[in-house]
1. Condition check: in a loop (DSSP other than H, G, I, E, B), more than 12 Å from residue 101 (Cα to Cα) and under 19 Å from the mean Cα position of the chain (by Cα). Does residue 34 satisfy that?
2. Is it fair to say residue 115 is in contact with a helix residue (DSSP H, G or I) (Cβ under 8 Å, 6 or more places away or on another chain), closer than 25 Å to residue 185 by Cα, touching a residue at least 40 places away in the same chain (Cβ under 8 Å) and surrounded by fewer than 16 Cβ atoms within 10 Å (Cβ to Cβ)?
3. Just give me the residues in segment 263-287 being modelled with pLDDT of 85 or more and either on the phi > 0 side of the Ramachandran plot or out of contact with any strand residue (DSSP E or B) (no Cβ under 6 Å at 6 or more places or on another chain) (or both), in sequence order.
4. Going residue by residue through segment 13-34, is there one that turns out to be over 30 Å from residue 145 (Cα atoms), modelled with pLDDT of 95 or more, assigned by TED's automatic domain parsing to the domain that holds residue 257 and crowded, with 17+ Cβ neighbours inside 10 Å?
5. At pLDDT 95 or above, under 16 Å from residue 70 (Cα atoms) and surrounded by fewer than 22 Cβ atoms within 10 Å (Cβ to Cβ), is that true of residue 124?
6. Counting only residues that are on the phi > 0 side of the Ramachandran plot and touching a residue at least 40 places away in the same chain (Cβ under 8 Å), how many does segment 288-329 have?
């Protein structure tokens with residue numbers, strides 16, 4: 001039994017060592033889908049934004065998450081969730097800042113109403129658009145580099161038919177949820193909050209100008225160390241939406257979009273790769289779980305312990321608090337196979353692999 005387990009662990013170790021954690025633009029897949037963008041113009045100080053439209057937006061999220069990106073755009077500086085990017089995007093849409101709030105937009109078109117009928121209208125429009133053949137689309141991958149607290153992003157844009165004009169690529173980080181005040185509701189959970197734009201402009205960077213032939217591929221690489229974005233990625237609370245805009249005079253026409261909700265963690269292949277002062281550990285494995293046995297030779301102000309699968313997808317946070325001097329044991333339940341545990345103290349991160357059998 002022990003021999004079989006050792007052979008299995010050695011095999012997994014070899015596979016783990018060669019696992020490609022770096023970004024690879026050559027293998028990035030570009031979807032052949034037409035997405036839409038559904039936007040709620042809102043503000044935390046707005047009483048009616050927490051009324052019927054609150055429920056309507058949640059219905060839109062449920063109806064359209066497989067064919068659209070959805071954003072709550074807090075456009076006003078008085079809102080506790082304000083972003084300049086949200087203000088710029090709302091100003092670009094039909095009627096933009098001249099209307100009050102809440103207002104819903106489908107792509108650049110203002111929708112009338114705030115109730116269930118508006119949600120049904122958006123659902124039907126998104127489904128119709130999703131059945132169309134796209135002229136251009138972008139694929140996106142992202143990796144959180146824990147050693148530098150940097151989010152690394154790659155994109156690949158494919159023109160399925162020829163284009164003419166200036167096309168721009170924007171990348172929007174969206175908080176899946178956040179607890180904040182909302183007038184008429186008090187503290188509540190807000191959904192799909194537009195945080196910012198990653199390339200440096202609310203409508204992204206120009207990726208092609210003039211005549212763009214059918215079949216052209218355009219690769220892009222971007223990164224951000226913005227702490228709000230990085231922290232959201234660590235907590236599995238981040239979507240990354242990529243939007244293609246086309247310049248139209250002083251405005252920007254929506255072309256297509258795509259969104260990912262899983263950010264991969266970049267880990268290194270060495271076991272116990274970083275020495276953490278005053279901390280040592282051992283991980284015995286059992287059937288269905290393993291134990292992280294830590295020994296702290298001094299008080300540690302804060303230690304964060306996270307469990308991941310072999311692909312770097314976070315399973316859960318095991319511990320995130322002060323560690324007193326002495327021995328500590330944390331049970332890590334997980335399906336059979338090789339897993340990863342990261343131990344973070346300050347700016348030092350150790351990544352260790354272990355086997356659950």
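1. Working: in a loop (DSSP other than H, G, I, E, B): yes; more than 12 Å from residue 101 (Cα to Cα): yes; under 19 Å from the mean Cα position of the chain (by Cα): no.
Answer is no for this residue.
2. Working: in contact with a helix residue (DSSP H, G or I) (Cβ under 8 Å, 6 or more places away or on another chain): yes; closer than 25 Å to residue 185 by Cα: yes; touching a residue at least 40 places away in the same chain (Cβ under 8 Å): yes; surrounded by fewer than 16 Cβ atoms within 10 Å (Cβ to Cβ): yes.
Against the criterion (in contact with a helix residue (DSSP H, G or I) (Cβ under 8 Å, 6 or more places away or on another chain), closer than 25 Å to residue 185 by Cα, touching a residue at least 40 places away in the same chain (Cβ under 8 Å) and surrounded by fewer than 16 Cβ atoms within 10 Å (Cβ to Cβ)), residue 115 qualifies.
3. Hits for segment 263-287 are 277, 278.
4. Just the residues of segment 13-34 that are over 30 Å from residue 145 (Cα atoms), to begin with: 34.
Filter once more, keeping what is modelled with pLDDT of 95 or more: 34.
From what is left, the residues that are assigned by TED's automatic domain parsing to the domain that holds residue 257 are 34.
Filter again for crowded, with 17+ Cβ neighbours inside 10 Å, leaving 34.
The answer is yes, given that some residue of segment 13-34 is over 30 Å from residue 145 (Cα atoms), modelled with pLDDT of 95 or more, assigned by TED's automatic domain parsing to the domain that holds residue 257 and crowded, with 17+ Cβ neighbours inside 10 Å.
5. Details: at pLDDT 95 or above: yes; under 16 Å from residue 70 (Cα atoms): yes; surrounded by fewer than 22 Cβ atoms within 10 Å (Cβ to Cβ): yes.
Judged against the criteria, residue 124 is a match.
6. So the count comes out to 2.
Residues checked against (1) surrounded by fewer than 16 Cβ atoms within 10 Å (Cβ to Cβ); (2) within 30 Å of residue 250 (Cβ to Cβ); (3) not assigned by TED's automatic domain parsing to the domain that holds residue 77:
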position: 156; (1), (2), (3): no, yes, no
position: 163; (1), (2), (3): no, yes, no
position: 167; (1), (2), (3): no, yes, no
position: 179; (1), (2), (3): yes, no, no
position: 183; (1), (2), (3): yes, no, no
position: 207; (1), (2), (3): no, yes, no
position: 215; (1), (2), (3): yes, no, no
position: 219; (1), (2), (3): yes, yes, no
position: 222; (1), (2), (3): no, yes, no
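Quick grid of which residues meet (1) touching a residue at least 12 places away in the same chain (Cβ under 8 Å); (2) in a strand (DSSP E or B); (3) in the same structural domain as residue 249 (by TED's automatic domain parsing); (4) in contact with a helix residue (DSSP H, G or I) (Cβ under 9 Å, 6 or more places away or on another chain):
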site: 38; (1), (2), (3), (4): yes, yes, yes, yes
site: 69; (1), (2), (3), (4): yes, yes, yes, no
site: 78; (1), (2), (3), (4): yes, no, yes, no
site: 81; (1), (2), (3), (4): yes, no, yes, no
site: 86; (1), (2), (3), (4): yes, no, yes, no
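The values are calculated or read from the model by the stated rules, or taken from the named source; none is laboratory data. The structure displayed is predicted, hence computed values, not measured ones. Cβ: placed from backbone, ideal geometry, glycine included. Neighbour counts: every protein chain shown.
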